Amino acid sequence: MTAYDDLMAHQRDTQALGQVMGRLGWDQETVMPRGAAPQRAEEMAALENVLHARRMDPRVGDWLAAIDETSLDDVGRANIRHIRRSFERASKVPAALAARIARVTSEAQGTWAEARANDDFAAFAPTLTEVLSLKREEGQALAVGGDVYDAMLQDYEPGTTGAELEAMFGALRPALSDLRAAVREAEAPPKLSGSFDEGAQMKLTRQLAKTFGYDMSHGRVDKAVHPFSSGSGLDVRITTRTNDIDPFNCFYSTIHEVGHAAYEQGVHRDYLLTPLGQGASMGVHESQSRIYENQLGRSRAFTGWLFGQMKDAFGDFGVPDAETFYRIVNRVSDGFIRTEADELQYNLHVLLRFDLERALVSHDLQVGDLEAAWNDRFEADFGYRVDKASNGVLQDVHWSVGLVGYFPTYSLGNVYAGCLHEALRADQPDLDVDLAAGQTAPATTWLHTNVQQHGGLFEPKDIIERASGQAPSEAPLLSYLTAKFSDLYGLR
């Protein structure tokens, strides 16, 4: 066997163990007994020890040094690029620190959940302080004298810097704020009313998952407090949640997570259990979930089809016609929760978190002042005060599990989705005819061909540029949102 063969055999086992760890995380969020949390923390730490040791195994460095990259094809060189990046990053982080982060963040998840249930940020603050301290230590080791936050971003969006995101988001925020202000002064569509059976919601949500191409023979739909997608390749699972007075929460959470899951299921099977066998980045991942959920799932064409499905599932539920239903689905409403935010306001939630976490990492903001800073910024952006911690600083799980640098990829994903949607519409001018019939395959096939099948073969920005024909820019997203909501609200 060659050095490349030895390296890839080692990598396949590492990837497989990573999938096992991910499955433990899925279990923790869905069916694990609450009392098992302390033991699960030890299990996660033990697995992280094994994985960290494998990632920084000296043999990896020897194999990398022995490989002649000019003898490899594009796939081989891409594998080496990912492995070298992972090896260099793992080698900079002490094993004891990696294990401690795994243990503390596993425990912190339970602490956060309890604090959230009790609306008690003070109960979570000491744990968050510890998590941030450990993540800063990790970031400093990775940055080697450079920008710590930039180093953290590389785990989620390789090649992106905080300064680039600040410039992009700086262009988004005022335009979205102005559009939001104009919409709030216009006449609002009606609200959905009534009660919607949970069992019927779950039946329709599984139908929606299949409609958007989710392969249930390699997946499953469960319930969780915070919807998520887990796994890759042949085992990709999603979760959703139900609300008896808001079935859209269930349906669009499901479509969103199917976007993630379809990406993982759609990666070329030759890349299974290799560095290329998963999404290229969290921003590209989010582009898939957001374009599924919003540009496709909330389009006038598709909601016309969904309106018929809801009548079949729930009977007459008080909405007279498909156009009214479309306006209800896309209603801009006041609210505190990011995951429930309408398409127009969603990015304002993300930009708030991006600014706050950068300030936390740089010590410009202390954890003890975070709740007040959150509430002040929220009021400035949205015009009303946060009423309780679970609707504010405690609503997201990300910081508790150490995902610092993750939040900006949500808005970056929206930007990417805007670029992809513009190109998709140009390639498929009759797309609305298909969506109106509940046929998503033309759109999802285009996304599979241009994005999903490639997995990690290309760098994130390159994937978007190859698929859309342009470098990532916020302009297509702003154009799309302005046109859509100006039409919905009769703005001039």
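The values are calculated or read from the model by the stated rules, or taken from the named source; none is laboratory data. Note that the coordinates shown come from a computational prediction; the quantities given were computed from them, not determined experimentally. For neighbour counting, all protein chains shown are included, and Cβ atoms are generated from backbone atoms with ideal geometry for every residue, glycine included. Heads up: the accessible areas ignore ligands, DNA and RNA and are worked out on the full protein's heavy atoms, side chains in. Shrake-Rupley method; radii C 1.70, N 1.55, O 1.52, S 1.80 Å.
Yes or no, residue by residue, for (1) touching a residue at least 40 places away in the same chain (Cβ under 8 Å); (2) assigned to a helix (DSSP H, G or I):
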{"position": "ALA359", "(1), (2)": "no, yes"}
{"position": "ASP396", "(1), (2)": "yes, no"}
{"position": "THR409", "(1), (2)": "yes, yes"}
{"position": "HIS421", "(1), (2)": "yes, yes"}
{"position": "ALA426", "(1), (2)": "no, yes"}
Can you tell me which residue among GLY279, GLY259, GLY283 is within 30 Å of ALA467 (Cα to Cα), in a loop (DSSP other than H, G, I, E, B) and open to solvent by less than 40 Å² (accessible area, probe 1.4 Å)?
GLY279
Filtered residues of the range 54-65 (kept if assigned to a helix (DSSP H, G or I), under 22 Å from LEU97 (Cβ atoms) and open to solvent by less than 60 Å² (accessible area, probe 1.4 Å)):
ARG54, VAL60, GLY61
Does THR482 count as touching a residue at least 12 places away in the same chain (Cβ under 8 Å), of a type in the set (Val, Ile, Thr) and open to solvent by 60 Å² or more (accessible area, probe 1.4 Å)?
yes
List the helices (runs of 4 or more DSSP H) that sit entirely inside the range 89-173 and contain at least 3 residues that are open to solvent by 60 Å² or more (accessible area, probe 1.4 Å) and free of Cβ contacts under 8 Å to residues at least 60 places away in the same chain.
95-118, 121-143
If you take the residues of the range 1-46 that are charged (D, E, K, R) and either touching a helix residue (DSSP H, G or I) at 6+ places or on another chain (Cβ under 9 Å) or buried (at least 16 other Cβ atoms within 10 Å of the Cβ) (or both), which of them is nearest to LEU403 (Cα to Cα)?
GLU29
Filter the range 344-357 down to the residues that are among the hydrophobic types (A, V, I, L, M, F, W, C), touching a residue at least 40 places away in the same chain (Cβ under 8 Å) and closer than 13 Å to TYR149 by Cβ and list them by number.
PHE354
Could you tell me which numbered condition ASP244 fails, if it satisfies all but one of (1) in a loop (DSSP other than H, G, I, E, B); (2) open to solvent by less than 10 Å² (accessible area, probe 1.4 Å); (3) among the acidic types (Asp, Glu)?
(2)
